Amino acid sequence: MSRFLVLFKSTAVRLSALYILLFALCAATLVFYVTSMSERLLTDQIRDAVQQEVDQVKRAYDAGGINLLLRTMERRARQPGANLYVIAGPTGEILAGNVASVQPGVFEEDGWTSLPFSYDRYTDSGPERRHLAIANIFRLDNGLRILIGRDLGEPERFRVLVRQALMIALAIMGLGAIVIWFGIGRNALKRIDRMSAASKKIMAGDLSQRLPVGGSGDEFDRMSVSLNNMLERIEKLNEGLRQVSDNIAHDLKTPLTRLRNKATDALDSPDAEARRLGLEGIIGESDQLIRTFNALLMISRVEAGSVAAEMSPVDLSAIVADSVELYEPVAEEAGLTMSGDIEPGIEVQGNRELIGQAIFNLIDNAIKYSSGAPHAKDVVLKLHRRDDGICLSVSDQGPGVPADKREEVIKRFYRLDESRSKPGTGLGLSLVEAVMELHGGQLELSDTDAKDGCPPGLTVSMVFPAQKK
């Protein structure tokens with residue numbers, strides 16, 4: 001019982017109960033309206049039939065006098081389902097007819113009776129129980145009074161029959177509505193219980209739990225899908241936070257140790273030049289730490305969506321062309337050739353600064369890991385449309401990334417170069433992935449097509465969603 005009390009506290013169930021009550025009131029009103037209109041219609045039909053009888057009897061009296069009138073009324077009174085026929089004296093006493101007695105006062109006024117009156121009919125066993133009827137009364141020239149009427153039993157039976165039928169239909173509909181209501185309510189309670197159980201596990205710290213989705217597409221499913229998306233986002237952010245905490249403790253320990261050692265050496269050195277060089281080294285290590293934290297802050301901002309409102313149309317073709325022009329001298333210094341295969345006129349909805357930073361990170365990685373690699377010659381930027389969107393790729397001929405490590409290299413601080421001999425923070429691809437998620441795209445890693453027998457390098461593709469026209 002308590003479960004249904006809990007259910008009845010919900011707005012949806014209260015509204016359902018209110019709708020059922022309103023439906024019952026409307027249906028009851030309809031029942032009384034239909035029966036009243038049906039009874040009125042039958043009464044009007046009776047009045048018309050009685051009026052026709054009165055006209056025919058009057059014509060018989062005009063044609064043959066009292067004798068023809070008596071014969072006509074006697075013949076009609078014997079027919080099955082006959083009307084009421086009464087001949088009464090000037091004082092109202094019944095002289096002939098198929099009625100044993102009528103309610104006192106009926107013969108006092110001519111014309112239609114203002115209200116139904118009671119009467120007794122003759123049967124083989126004597127007078128019947130009292131009935132109700134309406135009648136038309138008129139006087140003859142000799143003072144006799146003629147009553148022609150009709151019993152109201154048929155309209156009453158019809159009214160009762162219609163009302164019973166409608167009440168039964170209403171009862172069936174009401175019972176069905178209550179059964180359906182409780183059936184839906186029980187199902188809703190079960191779903192709420194499942195959602196409550198999952199919520200308790202989530203509040204206990206298990207963010208891998210998800211609210212159940214029944215697949216019906218109702219409001220519970222829509223709410224569960226929205227909350228599951230939110231939980232997935234929270235879980236990912238928490239996982240990133242744990243990962244950052246672990247990696248900061250692990251990867252920043254070495255540069256901080258170097259920073260302290262250089263400070264100690266500079267402090268202990270009696271030579272001014274050595275102290276100057278030591279301080280320059282400290283500044284260089286500090287700059288690297290600042291760049292690391294700036295990259296972490298940028299990734300956090302992007303993943304939190306705090307820059308999502310800065311979206312605007314961006315000429316991607318122009319950004320890629322400018323990037324090729326900007327990094328071409330840098331590539332030449334590293335002994336590489338940079339080229340671009342750019343489809344003109346491509347625009348995306350995005351953040352220009354973040355897209356530019358992501359492209360710079362990819363170009364920087366390509367030059368850094370291709371420099372000094374055997375057979376490495378080219379770094380190529382390509383921009384073109386494809387069926388699933390717009391693809392911007394940076395290809396190099398460096399050592400590449402094994403297929404089983406491609407998911408790992410996107411993680412923060414992860415580096416294939418465990419010796420950390422190459423400069424960098426291990427955050428470049430993490431930032432690119434965060435930028436692509438912000439823009440609704442994806443980051444793809446694949447092998448570069450091998451040339452002249454050279455081993456394949458790495459191609460990193462930024463795939464933006466197709467623009468709506």
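The values are calculated or read from the model by the stated rules, or taken from the named source; none is laboratory data. Predicted model only: the values in this text are computed from it and were never measured. Neighbour counts are summed over all protein chains in view; Cβ atoms, including those assigned to glycine, are modelled from backbone coordinates with ideal geometry. Side chains are part of the model used for accessible areas, which takes the heavy atoms of the whole protein and leaves out ligands, DNA and RNA. Shrake-Rupley method; radii C 1.70, N 1.55, O 1.52, S 1.80 Å.
Only one residue in LEU227, LEU241, LEU207, LEU237 is surrounded by 11 or more Cβ atoms within 10 Å (Cβ to Cβ), modelled with pLDDT of 80 or more and under 27 Å from ILE410 (Cα atoms). Which one? Steps first, please.
Details: LEU241 fails: modelled with pLDDT of 80 or more; LEU207 fails: modelled with pLDDT of 80 or more; LEU237 fails: modelled with pLDDT of 80 or more.
Of the residues listed, the single one that is surrounded by 11 or more Cβ atoms within 10 Å (Cβ to Cβ), modelled with pLDDT of 80 or more and under 27 Å from ILE410 (Cα atoms) is LEU227.
Which of the strands (runs of 3 or more DSSP E) found entirely inside the range 324-414 contain at least 1 residues meeting this: more than 42 Å from the chain's Cα centre (by Cα) and over 25 Å from ALA434 (Cα atoms)? Lay out the reasoning, then the answer.
Working: elements: 337-342, 347-350, 378-386, 389-395.
Fully inside the range 324-414 and qualifying: 337-342, 378-386.
Filter the range 149-174 down to residues that are in contact with a strand residue (DSSP E or B) (Cβ under 6 Å, 6 or more places away or on another chain) and more than 18 Å from LEU42 (Cα to Cα), then give me how many there are.
Number satisfying all stated conditions: 0.
From the list VAL54, VAL86, VAL50, exactly one residue is open to solvent by less than 60 Å² (accessible area, probe 1.4 Å), of a type in the set (Val, Ile, Thr) and under 27 Å from ARG163 (Cα atoms). Which is it?
One residue alone meets the criteria, VAL50.
Being open to solvent by 60 Å² or more (accessible area, probe 1.4 Å), of a type in the set (Gly, Ala, Ser) and either in contact (Cβ under 8 Å) with a residue 12 or more places away in the chain or closer than 25 Å to ASP48 by Cβ (or both): is that true of SER114 here?
Yes: the conditions hold for SER114.
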